[in-house]
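The values are calculated or read from the model by the stated rules, or taken from the named source; none is laboratory data. Just so we're clear, the structure is a prediction, and the values are computed from it rather than from any experiment. Note: ideal-geometry Cβ built from the backbone for every residue, glycine included; neighbour counts use all protein chains shown. Ligands, DNA and RNA are stripped out before the accessible areas are found, and what is left, the full protein with its side chains, is counted by its heavy atoms. Shrake-Rupley method; radii C 1.70, N 1.55, O 1.52, S 1.80 Å.
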Amino acid sequence: MGVKIEVPVGSPFTIHNIPFGVISTQGNPKPRCATAIGDYAIDLAIYAQHGFLSDSVGSSAVELLSQPSLNAFSAFDYSVRKAVRDGLITNITNGSIPEDSLIKLDEVTMHLPFQIGGFSDFYCSLEHVQNCTPLSKEPSIPTNWYYAPSAYNGRISSIVPSPQPIRRPRGVSFGPNGKPIYGPSLGLDYELEMGFFVSKPVKHGTELDINEADQHIFGFVLLNDWSSRDLQLFEMRPLGPFNGKSFGTSISPWVVTMDALRPYRCAPNTKQDPPPFDHLKWPTEEDATFDIKLEIELIRDGKTHSLATSNLRYLYWTPFQQIAHQASAMSGLNIGDLLGTGTISGSGVDSDGKKAELGCLLEANQAGTKDLELVDGTRMQWLNDGDEVVLKAWCGDKKGEGAWFGFGECRGKILPAPQ
């Protein structure tokens with residue numbers, strides 16, 4: 001018998017969402033595929049046992065959705081994945097979801113949604129670059145930044161699902177007298193980003209037509225590419241960041257699909273000048289990116305502080321341009337590859353005229369030269385042990401009566417460096 005699911009007010013997992021992820025439970029510790037609605041996860045393997053997916057996925061549905069990642073499901077044609085999501089929406093609406101497939105969200109353990117084979121992190125927010133360039137002692141933004149999306153290849157082994165904690169790294173930095181020292185990082189920072197997963201591979205030796213870029217993206221997650229600014233400063237010359245950027249990357253575990261995001265396609269906030277090369281030209285400006293609202297919270301000593309807001313549409317180089325440019329080197333892309341958008345900052349200010357859309361502490365504290373004053377009057381520069389950073393995102397007006405949904409949380413707590 002099916003169950004009618006009520007979605008509590010404020011739940012990010014509304015009927016307009018239907019994200020995909022990988023869960024396990026104490027009673028069944030084997031990771032398997034699931035979706036979320038309201039306060040529940042729907043175990044898709046059990047859902048498939050009731051025959052709901054036989055028409056779309058076929059006889060292998062149970063085995064496919066019992067896998068510990070979404071890679072096999074993502075390999076299906078878009079039309080199949082859309083039929084699965086559409087069927088879930090219909091059955092949730094009609095109260096036809098089997099009761100034995102429902103698990104309370106507070107009883108599940110979340111895992112990485114994909115088996116990730118590659119990770120790239122971009123540097124594509126104009127406001128972020130404008131704020132950071134003077135801090136790096138550069139006279140101006142490098143010319144190349146305006147001609148192609150900037151990025152570096154990250155480390156897969158340090159990508160973790162929220163709410164797994166992050167341990168403060170050790171490394172080499174410049175001491176007070178300028179002499180290199182080794183020890184725990186003293187400049188720990190967060191970065192407000194989004195990430196997106198490749199759903200359709202690009203064969204090595206071939207390029208990706210940007211007109212088809214959205215067909216190669218399964219969906220989006222929140223992403224916090226934790227940074228150690230003192231280690232990063234030591235490493236920046238001559239080859240750029242290394243251990244200062246590779247010790248931890250947190251992602252929200254539920255992947256919001258391109259179908260859910262379709263109503264929120266929009267034009268970017270900034271017009272590109274000079275015009276992009278042909279391999280980076282999206283055909284229509286009005287659907288070139290997404291209107292996704294972002295927020296950063298800090299939990300320190302039991303108090304929650306709102307640090308900043310932002311929006312994905314602020315990116316100068318859009319996700320479609322990012323994936324097309326990465327593939328333009330003909331290096332190939334595989335299912336489950338993760339691309340990070342880079343820190344997303346904006347130019348907005350609060351009622352006091354202070355910048356309110358800064359995506360990292362480096363911008364807010366001017367590379368550690370100024371204190372950041374919290375609402376309660378306390379001051380901070382970098383993250384302390386025990387601090388917890390929470391990234392949030394949503395589409396639509398969550399205070400209104402229209403359709404809206406959220407991404408869940410990307411949460412991470414800082415643990416002390418090893419003794």
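Among the residues examined, Ile89 does not qualify as buried (at least 20 other Cβ atoms within 10 Å of the Cβ) and of a type in the set (A, V, I, L, M, F, W, C). In region 393-418, the residues that are closer than 18 Å to Gly38 by Cβ and crowded, with 17+ Cβ neighbours inside 10 Å form Cβ pairs under 6 Å with partners that are β-branched (Val, Ile, Thr) and at pLDDT 95 or above, at six or more places apart or across chains, as follows: Cys395/Ile292; Phe405/Thr14; Phe407/Val256; Glu409/Val390. Taking the criterion of being assigned to a loop (DSSP other than H, G, I, E, B) and free of Cβ contacts under 8 Å to residues at least 12 places away in the same chain, the residues of region 337-377 that qualify are Asp350, Ser351, Asp352, Gly353, Lys354, Thr369, Lys370, Asp371, Gly377.
For (1) among the acidic types (Asp, Glu); (2) open to solvent by less than 20 Å² (accessible area, probe 1.4 Å); (3) within 17 Å of the chain's Cα centre (by Cα); (4) modelled with pLDDT of 95 or more, each residue gets a yes or a no:
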| site | (1), (2), (3), (4) |
| --- | --- |
| Asp100 | yes, no, no, yes |
| Val108 | no, no, no, yes |
| Gly117 | no, no, yes, yes |
| Arg167 | no, no, no, yes |
| Gly183 | no, yes, no, yes |
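Only one entry in Lys392, Lys398 is on the phi < 0 side of the Ramachandran plot and not in a strand (DSSP E or B), namely Lys398. Among the strands (runs of 3 or more DSSP E) confined to region 66-131, the ones with at least 2 residues that are within 25 Å of Ser24 (Cα to Cα) are located at 102-104, 108-111.
Against the conditions (1) under 25 Å from Lys392 (Cα atoms); (2) under 21 Å from the mean Cα position of the chain (by Cα); (3) open to solvent by 40 Å² or more (accessible area, probe 1.4 Å); (4) not assigned by the TED database to the domain that holds Leu361, Pro68 satisfies every one except (1). In the condition set (1) at pLDDT 90 or above; (2) touching a His at 6+ places or on another chain (Cβ under 6 Å); (3) surrounded by fewer than 22 Cβ atoms within 10 Å (Cβ to Cβ), Val349 is compliant with all but (2).
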